[in-house]
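Report on one structure; see the data block that follows.
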Amino acid sequence: MLDVITPAAVIRAAFAANIIDQGESRMHALSARNTMSHTYNMQTFEQTIADIQNEYIPRLEELHAFMLKKVKDAPCS
């Protein structure tokens, strides 16, 4: 159970529970999200878009596949 529910706390808890791997990459994604909310620099924008395409989308696809498997393997109630 989380005392405080923040995106960073959820990432840390999911990593600790082995729901996700590569926790550092996921924290970088969160940082990129925060940066993009306040950036007006084209170079930063372009780098963040490249990171999303090359690093963060594959992590999200892995999480999606993991969650689909969990749902598929869950007993019906």
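The values are calculated or read from the model by the stated rules, or taken from the named source; none is laboratory data. Because the structure is a prediction, the values reported are computed rather than measured. As a convention, Cβ positions derive from the backbone with ideal geometry for all residues, glycine included, and neighbour counts pool all protein chains shown.
Of everything listed in (1) modelled with pLDDT under 90; (2) in a helix (DSSP H, G or I); (3) of a type outside the set (S, T, N, Q), the single unmet condition for Arg26 is (1). Residue count for the stretch 34-60, restricted to those that are in contact with a helix residue (DSSP H, G or I) (Cβ under 8 Å, 6 or more places away or on another chain), assigned to a helix (DSSP H, G or I) and over 23 Å from Val71 (Cβ atoms): 8. Taking the condition surrounded by 14 or more Cβ atoms within 10 Å (Cβ to Cβ), at pLDDT below 90 and closer than 26 Å to Lys70 by Cβ, does Ile20 pass? Answer is yes for this residue.
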